[in-house]
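A quick write-up on the structure given underneath.
The values are calculated or read from the model by the stated rules, or taken from the named source; none is laboratory data. Note that this is a predicted model, so its numbers are computed, not measured. Because the Cβ atoms are built from the backbone with ideal geometry, glycine has one as well, and the counts that use them run over all protein chains shown. SASA here: full protein model, heavy atoms, side chains in, ligands and nucleic acids out. Shrake-Rupley method; radii C 1.70, N 1.55, O 1.52, S 1.80 Å.
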Amino acid sequence: YENVKETLLHLKEQGHTCAIVTSREEISLLHLIRHHGIDHLFTAQRNRDDIVKRGEREKPHPDMLHSVMRELKFAPHDTVVIGDTRMDIQMGKAAGAKTIGVTWGAHPLEHLEAAGAHHIVEKTFSDIVHTIQKIFGHT
């Protein structure tokens, strides 16, 4: 997707911490983020392998998100989950985090709305920055 790296850099420059919680296997995740040169932009990650290694349950259960939040010392009100599936939104809401559904991924707008996403971003990846600013009361 366009502007992913630039958006992640912008968020990091604004003082935000980025982490990944995914259903991908670790080897696939690491290959993907290294290939795109964005691995250094993520402070923590959880993946399918953590279900076994850490005894964490799969999304939409919030185990992996709770684990990342504990590691990074973030409270639910400091956490925003950005996801393209209803399971991402359900996980974030179950953990008490704010959620942003993005419509260019796996699930359509209707599924993200039905899951109760707090915010929806439909146009571009870079629109996520404005939405996060809105969530935290910055303009």
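List of remarks:
Condition check ((1) in contact with a helix residue (DSSP H, G or I) (Cβ under 8 Å, 6 or more places away or on another chain); (2) in a helix (DSSP H, G or I); (3) closer than 21 Å to Asn3 by Cβ) across all residues:
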{"position": "Thr17", "(1), (2), (3)": "yes, no, yes"}
{"position": "Ile27", "(1), (2), (3)": "no, yes, no"}
{"position": "Met69", "(1), (2), (3)": "yes, yes, no"}
{"position": "Thr99", "(1), (2), (3)": "yes, no, yes"}
{"position": "Lys123", "(1), (2), (3)": "no, no, yes"}
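- Only residues that are farther than 19 Å from Thr85 by Cα and surrounded by fewer than 16 Cβ atoms within 10 Å (Cβ to Cβ) were counted in segment 45-60, giving 5.
For every residue, the table says whether it meets (1) in contact (Cβ under 8 Å) with a residue 12 or more places away in the chain; (2) on the phi < 0 side of the Ramachandran plot; (3) surrounded by fewer than 21 Cβ atoms within 10 Å (Cβ to Cβ); (4) of a type in the set (Phe, Trp, Tyr).
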residue: Asp78; (1), (2), (3), (4): no, yes, yes, no
residue: Gly101; (1), (2), (3), (4): yes, yes, no, no
residue: Leu109; (1), (2), (3), (4): yes, yes, yes, no
residue: Gly116; (1), (2), (3), (4): yes, no, yes, no
residue: Phe136; (1), (2), (3), (4): no, yes, yes, yes
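- Filtered residues of segment 1-15 (kept if assigned to a loop (DSSP other than H, G, I, E, B) and either of a type in the set (Lys, Arg) or open to solvent by less than 80 Å² (accessible area, probe 1.4 Å) (or both)): Asn3, Gln14, Gly15
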